[in-house]
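First the structure, in the form of structure tokens, and then the observations on it.
The values are calculated or read from the model by the stated rules, or taken from the named source; none is laboratory data. These numbers were taken from a predicted model, which means no experiment stands behind them. Cβ placement follows ideal geometry from the backbone for every residue including glycine, while neighbour counts extend to all protein chains displayed.
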């Protein structure tokens, strides 16, 4: 009930603010020019970092072209630091009418200069277009940079990397809990593959055999998980309140993997190889008949269901993995333009426009940002170690 | 302001107060670590609930050097006739030596998605388990553990390496 009220509020606020917004052109064919030339910063590192990250974020959002004179929008204000505190004034004006779309003062610590820039970038995008941005998003991912496969979190621009697990074990397939704070993952830290949630010592699932690919429902009440406790890997639903298990598939001759939830939590998309090759299927959360979603490509794996309604996945086409997206209602499918490398494990960014995925070339995995409209791919994390299985926070 | 906009305002204020008030009653999650906004409020699950753990207390490891690994074809979890002798040797040992057991570890090559390879590795381990049981081995002395593509025995990236990595390993305890 509370959420309904909350949504009502958002709707009211949006309706009121909509009239003031700038018209957004279709599919990035031309961008809104935004002038940051008159924004003042101090000589210190933190405020300089704030401005440069803000410019990168605005430009990377895909909706803006950052310029330093003229322009359809103008950002005025200043960012200064005093000791360890950082203060930023931000005023967003329409260039033509001087109408103010946003006026706010933000305070934080100098150590959080990047975090503040991400927040301001998202607020500017929202004030100008009404769209949710991605700049404040986080990526959970796996790396072998310590020699072990540990869980990491970084900002959506690939910076601010923190190592989360130090289990000296193997982490597989991280994903976010719907609260956007904790991460669910498979680990061998107690010998067998179990499903864990950060901030909780006991595993969420530790049945005999395989426990993998855990995904928490949008309402936080259920866990979709792959278990082999009954003799074959199958898709199960587990109540996180009572621990009660419901088996959703019964495919003695096949494997199930990688469940993900529809935005309303009523359906689950997952991988099954009952047709002979791994392809994506959809099933109601209450069980019943599985509906096959994908048929093109020799393999379709790693589905991720965005709040924009589209399922993005990795499709093996002509011997290499590419990123494809499908509308599960219209069944219309599109393959994203990428180079010769393998692109896998796609995850929708919170803006519903960009996709984070891994790119493997010469057996080295790095993390890339892809735009479903027109902008070029951006390398977020590369180097002499592997970074893979990225998952974006909701 | 006409009647309609008063109603509008009334509900907006009501909605905001309900949200704020109920927000105050919700206990803030202590385990929250990442990200800025908490979309659903409250802790995801109560840490006190036991979610039926049943693989705790099982043997964690064993001796991998006693028996040869069973090799598998690409994308297959079938124990081939030419590999069956390796499983039979393990069955003979376990049937003779009561109190011992085996962890069957299923592995795959690096091609394909990691999560799918986990399930494929488990199916390989289960296929070996089924064969052991058919040879009279006590099911409770057999555990399966899939490692997917996470622990290759050959770090190479060619057909030869892939063939060696598609395997079932016996860890005897």
From A:173, A:209, A:158, A:199, which residue is within 10 Å of another protein chain (Cβ to nearest Cβ) and either under 14 Å from the mean Cα position of the chain (by Cα) or outside any loop (DSSP other than H, G, I, E, B) (or both)? A:173
Determine whether residue B:148 is more than 8 Å from chain A (Cβ to nearest Cβ) and under 20 Å from the mean Cα position of the chain (by Cα). no
Tell me, which residue of the stretch A:124-155 that is outside any strand (DSSP E or B) and without any contact (Cβ under 8 Å) to a residue 24 or more places away in the chain is surrounded by the fewest Cβ atoms within 10 Å (Cβ to Cβ)? A:147
Looking only at the stretch A:212-231, and only at residues there that are more than 17 Å from residue A:284 (Cβ to Cβ) and surrounded by fewer than 22 Cβ atoms within 10 Å (Cβ to Cβ), the one that is nearest to the other protein chains (Cβ to nearest Cβ): A:220
Suppose we filter B:127, B:171 for residues that are surrounded by 17 or more Cβ atoms within 10 Å (Cβ to Cβ), within 18 Å of residue A:229 (Cβ to Cβ) and within 11 Å of another protein chain (Cβ to nearest Cβ); which single one remains? B:127
So in the stretch A:232-243, with the set limited to residues that are assigned to a strand (DSSP E or B) and under 19 Å from residue A:290 (Cα atoms), which one is nearest to the other protein chains (Cβ to nearest Cβ)? A:238
How many of the residues in the stretch A:263-287 are within 22 Å of residue A:394 (Cβ to Cβ), crowded, with 20+ Cβ neighbours inside 10 Å and either touching a helix residue (DSSP H, G or I) at 6+ places or on another chain (Cβ under 7 Å) or in contact (Cβ under 8 Å) with a residue 60 or more places away in the chain (or both)? 1
Out of (1) surrounded by fewer than 16 Cβ atoms within 10 Å (Cβ to Cβ); (2) in contact (Cβ under 8 Å) with a residue 40 or more places away in the chain; (3) in a loop (DSSP other than H, G, I, E, B), the odd one out for residue A:249 is which? (1)
Restricting to the stretch B:54-86, give me the number of residues that are at pLDDT below 90 and buried (at least 17 other Cβ atoms within 10 Å of the Cβ). 2
Per the filter on the stretch B:110-137, residues modelled with pLDDT of 95 or more and in contact with a helix residue (DSSP H, G or I) (Cβ under 9 Å, 6 or more places away or on another chain) are B:128, B:129, B:131, B:132, B:133, B:134, B:135, B:136, B:137
Suppose we filter A:301, A:312 for residues that are farther than 19 Å from residue A:369 by Cβ and either buried (at least 23 other Cβ atoms within 10 Å of the Cβ) or touching a residue at least 40 places away in the same chain (Cβ under 8 Å) (or both); which single one remains? A:301
